[in-house]
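Reading through the structure tokens given below for one structure.
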């Protein structure tokens, strides 16, 4: 009887492994390579870099995080894990876009401060 149980147990384990392999195959077949997300993330990272994200510590952090996630996404794509790669690349694009917006905010703040100084100078010069 123990021998029969052992065979049944091995059969169940084998069947479970085959089912998991089948599901893994289905899950990777369901997700095409997320090339558009990769392009979006890379474009946003380039824009953040071009705008000067390296000059602001918080923007620099998010740009570096995005660049790291882009590398991870490429590795996941290369290993056929397109579903996970899509999520990682979405996060990468979001972090890169946040870096872009942080740089733009800093530029806008500087311009507003300059405009306020010009207004004060004009007010001081008027009677």
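When residue 60 is tested against (1) within 30 Å of residue 110 (Cα to Cα); (2) within 11 Å of the chain's Cα centre (by Cα); (3) in contact (Cβ under 8 Å) with a residue 12 or more places away in the chain, only condition (2) is not met. No other residue among 85, 99 is surrounded by 10 or more Cβ atoms within 10 Å (Cβ to Cβ), modelled with pLDDT of 90 or more and under 11 Å from the mean Cα position of the chain (by Cα) apart from 85.
Assess whether residue 107 counts as being more than 21 Å from residue 37 (Cα to Cα), in contact with a helix residue (DSSP H, G or I) (Cβ under 7 Å, 6 or more places away or on another chain) and either in the same structural domain as residue 39 (by TED's automatic domain parsing) or at pLDDT below 95 (or both).
no
Residue count for region 39-66, restricted to those that are buried (at least 20 other Cβ atoms within 10 Å of the Cβ) and under 15 Å from residue 93 (Cα atoms): 9.
The values are calculated or read from the model by the stated rules, or taken from the named source; none is laboratory data. Since the model is a prediction, treat every value here as computed from it, not as a measurement. Neighbour counts are summed over all protein chains in view; Cβ atoms, including those assigned to glycine, are modelled from backbone coordinates with ideal geometry.
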